[in-house]
Structure formats: structure tokens, C-alpha cells
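A.B. asks: Attaching a single structure in C-alpha cells format; questions to follow.
Bear in mind that the values in this text are calculations on the coordinates, not laboratory data. Remember, it's a predicted structure, so these values are computed and weren't measured experimentally. We place every Cβ from the backbone using ideal geometry, glycine too, and count neighbours over all the protein chains shown.
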Amino acid sequence: MASDEEYSLQFDEDESDEEVTALYESRNTSEFTLPDLICHKHATIISQESEFDIDDDEDDAIHEYEDEDDEDDNDDLLALPITMSTKKALSEGSVPNLKYECLTTQGIYERMLKRIHHLQPLFSIPPDDILILMQHYDWNEERLLEKWTEKMDDLLEEIGLNVTSKKIVDNTNSNTRGLKYRKDFSCFICCDDKTTETFSLECGHEYCLDCYRHYIEDKLHEGNIITCMDCSLVLKNLDIDQIMGHASSNILMRSSIKSFVQKHHRNYKWCPYADCKFIIHLKDTSSLGEYTRLHYSPFVKCNESHRFCFHCGFEVHAPADCNVTNAWIKKARKESDNLNWVLTHTKECPKCSVNIEKNGGCNHMVCGNCKYEFCWICESAWAPHGKSFYQCTMYNNDDNGKTKTTSTEDAARRLKRFTFYYRMFNEHEVSAKLDWKLGQTVGIKVKALQEKIGVSWIEGQFLSESIQTLVEGRTSLKWSFAVAYYSDPSHNLTKIFLDNQILLAKAVEELSELLLTKQPEAIMKKKPDFYNKAGFVENRRLALMECGRDLLCKGICKPTD
Amino acid sequence: MSSLCLQRLQEERKKWRKDHPFGFFAKPTKKTDGTMNLQKWEAGIPGKEGTLWAEGVYPITIEYPNEYPSKPPKVKLPAGFYHPNVYPSGTICLSILNEEQDWRPAITLKQICLGIQDLLDSPNPNSPAQEPAWRSFSKNKVEYEKKVALQAKQYAK
């Protein structure tokens, strides 16, 4: 993580940028995108050269840019070698003050126990009782203390920690808390007469252990305080464990913490990934408004490295903001019936019509039958894609010539336009998943090789990092189609955005193609390639994200129905 | 149905037959094949003497879930019943019938029936379940009493 200082630098820049509404050439926002344009030009020239030059080329671009801009007061920031991590921090929404922590229910519970330990001197009751009080007040310490000072003894009675004299059953024998062994006991709950162990609290309501177990089992997952089966006297954690015979109160406590998290959803968010148990806690939510205003998204990362948006709870959706994401998802859901055909996993080879299933992320297809090389997306020959630009992200507006259209034609065209973007969005989603899968298998192979020839694990780190970068690149690319769909196609900035999109798509496909290397030995040899391509993807991705944010800030991208 | 639920309901039936409060009735319903359905009961709640409700006997249905007695039964009056704490569907809003509130596995059928009888004449205006009865009860007592008396006649013994 970069230091706060760096964040604020970037932030200030953006603030001032708000006022400079002029053209895209305003110096600050173009920090990433202008070099890209230059790089764009360079890339045409150097496209025949080896991949190793691409990074150098970009550095050149930055220097050129600095030279052009003498009065730049942000020289130090630009002159600094922008490492991947700082860049990431700058654009991944770590705008200042988003300080959060990653917790688990157990972690929160332990923290509560510590608080109780602290509070204990204030109370004259055992910690177990304070725990019940905390549970009763939804773990809200302040409310508890307030009530406690107000009416100590009444509170204990009200919550069921102390026995009220009138509630005691007149049966002096059983008025002790705990388990008992009884012969011919008649349990009122199950109505069985048997020799059994029983349980009762000080109230004397005594029932057989089986009934109590059933009762508690049903209640453990609700997280509420569990009481006697007849009156409101509380079963403490110790009682619960005694009845159940094992540490079941832990389950109850965890359920209680869960409902606490649910109730405080403004500050606490569950990681939305399947089966992930982590919770992100954002102490200060005041900066979230600022995020929305600047069209940043508050992306957070849990300890399992799952990244998601704290605002809308969706995956990392940059360059789209939460509004675009929302509109897009709704629209996609609505239209998806019409588009089912898009989702099929197979396509026919354009040459020999044999059915081809895509089992890797790369869009450069080679037909196993006739060896024809084509692009999965546009289904035309691959040759032009490799040499010049990756044209497939461009929607060809072939209606330019026509002037008059009827409304049905209009609707058809709109649907066609959406279909195109939706298809692109889906292709990259599927590809990201396939890339991930492929990456895992390749990873295992490489690991095996490492163990065989005895290199340290760190030597192989590049692979998992590259896969991570690749998947992130695809995700950004995917969401960029949502932004593109909602952007005014005639605006110059949109065109720049689309150019950036092409560059990222190209970078992503190149990195994806590297993964197709089958032999682990060859992969190890290609390590520098992986580094280069991954760095390239990362740079392109950040540029696209900045550019997308610019579209949003300037209102060129507006989500509509 | 769990054995615990069944066993307990059989016992509830035995106890009810042995002793139940005056004027009340309660019996399990019959399934289509003629056998007894212990999980669904029909009962009648008489209005308390000396109140506007006295004249009627109000029919209720009691449905016991499989999780009974951990979970409370669902008790319903006829749909559209005029009372501030009865939902339009007839479901009764009473704390002892609410799992999150005062339901306890030890609560018996007798206690439930007496609880409902009690509720009839002493509604809880803090948890309204229907608009018309609640509005009249809190704003226009005369109209409320008129309607209650009319309803009592409708359910007269």
C-alpha cells in the first residue's frame, strides 16, 4: 500500500481538475491517458518489434509528456517511477481516508470480549452476565451503559439475569441451577415419564435434557438470548454448554454477531464472494459521498484477496461507477431472454463449420480441424488482429449513411447496439473465468516443476501475479463495455475511451495467449514475457479506468434505461 | 411430524379433555380420510362476562408447526375479524404467540385460549394489526363499541 501522502497528492489534483473543465488535454487527468495516446502512435510503429520494447516505449511516452508540460507542479509524482502498487492504489479507489479492516465473526466476538473485560470494573456482576447484557443491547456499549446507570437492578430483572421473587415455582427442591438426575421424572414439554437427566434454572422450571437440547438447537442460529422454556430467566453460555455437552454457545455468539453485522450494514459488509467468511469494517463512512461525487468506487479487499465495491457490494466494476453498474445489470437482466443465443459456448469454425468449444481465455482461435486461425469475437481471420490493432472492441456504426429511420428500425438498432455490448461483456466474463481455471492448472504444473528442479516458490510467483493481473484486466475490460454503452458515441472523449479499450483488449489477449504455453519448462523460460505483458495490461487498465472516470465526471456517460 | 411434536399434542389433548375453562371448546380437526389431525385444531373462545364481547363464542383455528413446541402455533380468527390486534387475514398478534417475543415451549393450549380471551376486551393499541378497528378504538370509542356489539351478535352462542 502506498502512503497516505501519495493518496492525498493524487486527490488534490483531482480536486483542482474539477475546475478545469476545458478539454481532455488538461494536464492532470491526462496523466495516464495522454501517454497512452502517444503510446498508441508508437505502438503502430513498433508493432513489429519484440514485446520487450513495449514497456520502454511507455516510459518514453511519459518523459515526452513531461517535457511538453513545463509548468507542471506535480513533477515529483510523475518523475517517480510509478510502481504497480502505487498506481493501483491511486486508481483502485483508495482515495484518502478509506481506512477499513477485514474481520471475521470470531474476530468481532473476541473484540467484544475484550471490551467486556475492560468494562467489568464498572459493573458488579460477572463477565458472563455482562455478555448477556451486551447481547441484549445488540452489542451497543453506549446504550448498555446508559441503561445500566439508569436502572441497574431493574435491568437485571427485566432481561432475566436475576430471579424475580414472584416467578419462583414453589418447589424448594429444584430451585438450584444446573443438571440433576431424576428417577421417574415427568417432563411437561415432551410429556414423557422417564428416568433422565434434567435441567433447571433458579426458577425451578425443570425439564428433561432431551427437550432442552431440541429447544436450544432450534435457537442457536437465531442469535437471540435463550431463556428458560417457561419464564424469561436467561440461559447463560455456561448453561448452554452444560446442557448441550459441548461448546455450543460459540454458535450462538457467532449468530448474534452476524445479526449485529447485518444491522450495521452501513459500516460492515460481508464479502460477497461465495463461501467467503470475511467482513469488511469501514469505521468512517463520511468519505463515501466524496467517492460518489468523483465517480470513484470504494473498492475493498478481504483477506482472501476478493475485491469488491463497498458501496454496491458488487465485484470490482471499474471503469464503471455504481450507477452505471446498476443500470447495466438491470438492463442485462431485462434483455437477457432475447440474448440467450449469445451465451452459447460453442461457435462454428468460419471456414469448415466444425463446432468449436472455447476452453481457454484467449480469443485467438486455431481450428483443430482445418487449422484456420480466427478471432473468437468477430469470427474473421486472426491475421489482421495480430499485426495492427485489435479492432474487435469497436462497434461499427453501419447506419451512418441513413438519415430517416422508422421507430421500429430505431428500436431494432438500439437492441442491436445493446446486444453487441452485452455480448462483449459476456465474452470477457466467460474468458476471465476460463483464464482463471487455466491459470490454476498451469500453476499446479509449474509448482510440480519447481519442486522437481528445486527453485524457490518465489521464482514462480510471477505466474499467479500474472493470472491475477489478467483476470483484473478482463474484469475492467468487461465493465468498460457498460461504460461505452452508456456513453455519447459522438463525443471525442468516448472515442479516446474506445481507443484505450482496444489497447487493453490487445494487452489482455497477449497475456492470455502466453498462458496457453503447455510445458511448465517453457513457462519458466517465458518469465520476462509474463512480466512485460502483465505490466502492460496493468498500465492499460489504469489508463482505461481513469479515462472512464473522466467520462463519468464530465457527464458524457449517463446511465439510462 | 416429529415425535416430540406429536407426543406433546396428544398430551395437550388429554389434559384439555380432563379439564378446560368454562365455555371454551377445542378439538383436533379431521383429515379427509377421517383420521384425527393433531396439528390443526378448531376451538371456540367465549367473550368475557360483563364485557361487550360476552354474547359471542369466537371460532379460532390453531395450527401447530413441526417444530412445536420450540416454535409457537399459528392462531387465526375468521378473516376480516374486527379487532385492533387481528390482521385482515385473521392472524392474531399476541406476544405469547410470537417466537421472538414471549413464546415459551411450556405454554399450554389452555394458556393460549385464556390469553386470546383476555386480548378480546383489552386490545393493545401499540401494536395495531388492522386499520378500521384500530382507528375507531383510538379515535371513536362509540363507533368501536357499536361494531364490537354487532360482531358479538353475529357470533352469538
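A.B. asks: Rounded to whole Hz and in sequence order, give me ³J(HN,Hα) for the stretch A:255-269 from the Karplus expression 6.51 cos²θ - 1.76 cosθ + 1.60, θ = phi - 60°, writing x for Gly and Pro.
C.D. replies: Residue by residue, the stretch A:255-269 yields 5, 5, 5, 4, 5, 4, 4, 4, 5, 9, 5, 6, 9, 10, 9 Hz.
A.B. asks: Would you look at the GNM of chain B, springs on alpha carbons closer than 10 Å, and say which of B:T61, B:T32, B:T91 moves the most?
C.D. replies: B:T32
A.B. asks: Work out the mean other chain Cβ neighbour count within 10 Å for the residues of A:181-190 and drop it here as an integer.
C.D. replies: Mean shielding count: 3.
A.B. asks: Work out, in µm²/s and without decimals, the Stokes-Einstein translational diffusion coefficient of the stretch B:1-70 at 10 °C, 1.306 mPa s, Rh from Kirkwood over C-alpha pairs.
C.D. replies: Numbers: Rh = 13.4 Å.
Value of D from the Cα-based Kirkwood radius: 119 µm²/s.
A.B. asks: Which entries in the list A:K330/A:K558; A:K277/A:K331; A:K334/A:K554; A:K437/A:K533; A:K263/A:K283; A:K445/A:K526 go over 23 Å, if you measure between the two C-alpha atoms of each?
C.D. replies: Those over the limit are A:K277/A:K331; A:K334/A:K554.
A.B. asks: DSSP loop trypsin sites (Lys or Arg not before Pro) in the stretch B:1-89 with at most 16 other Cβ atoms within 10 Å of their Cβ, which ones?
C.D. replies: B:K31, B:K48
A.B. asks: Evaluate the Kirkwood expression for the hydrodynamic radius of chain B, namely the inverse of the mean inverse distance over all pairs of different C-alpha atoms, and round to one decimal in Å.
C.D. replies: 16.3 Å
A.B. asks: Dipole size in debye (nearest 20) for the stretch B:1-107 around its Cα centre, Lys and Arg Cβ +1, Asp and Glu Cβ -1? Mind showing how you got there, number by number?
C.D. replies: Numbers: 15 positive and 12 negative charges, 79 e Å.
Result for the stretch B:1-107 is approximately 380 debye, rounded to the nearest 20.
A.B. asks: Let me ask you something else. Let me know the mean shielding of A:206-219 by other chains, meaning the per-residue number of their Cβ atoms within 10 Å of its Cβ. Let's see the in-between values first.
C.D. replies: Working: counts 0, 2, 0, 0, 1, 6, 1, 0, 7, 6, 1, 1, 5, 3.
Across A:206-219, the average partner-chain Cβ count within 10 Å equals 2.
A.B. asks: What ranking, highest mean first, results for peptides A:498-509, A:285-296, A:109-120 when packing means the other Cβ atoms within 10 Å averaged over each residue?
C.D. replies: Those peptides, ordered most packed to least, come out A:498-509, A:285-296, A:109-120.
A.B. asks: Follow-up. Compute the separation of the alpha-carbon centres of the stretch A:234-309 and the stretch A:491-559 and state it in Å as a whole number.
C.D. replies: A separation of 34 Å, based on Cα centres.
A.B. asks: Determine the relative contact order of the stretch A:138-251: mean sequence separation of Cα pairs under 8 Å and six or more apart, normalised by residue count, in whole percent.
C.D. replies: Working: 147 pairs, mean separation 23.5, N = 114.
21 percent.
A.B. asks: Over all alpha-carbon pairs of the stretch A:138-251, lay out the pair-distance distribution in 5 Å bins, whole %, shortest bin first.
C.D. replies: 2, 11, 19, 21, 19, 14, 8, 3, 2, 1
A.B. asks: Right, something else. Give the average, rounded to an integer, of partner chain Cβ atoms located within 10 angstrom of each Cβ in B:100-106. Can you show the working numbers first?
C.D. replies: Working: counts 2, 0, 3, 0, 9, 12, 9.
Mean partner-chain Cβ count within 10 Å for B:100-106: 5.
A.B. asks: So what are the radius of gyration and Dmax for the Cα set of the stretch A:196-300, in Å?
C.D. replies: In Å, with Rg to one decimal and Dmax whole: 20.0, 68.
A.B. asks: Within chain B, what's the longest run with no GluC sites (Glu not before Pro) in a DSSP loop and at most 11 other beta-carbon atoms within 10 Å? Give the range, please.
C.D. replies: Working: sites that count: B:E49, B:E100.
It works out to B:101-157.
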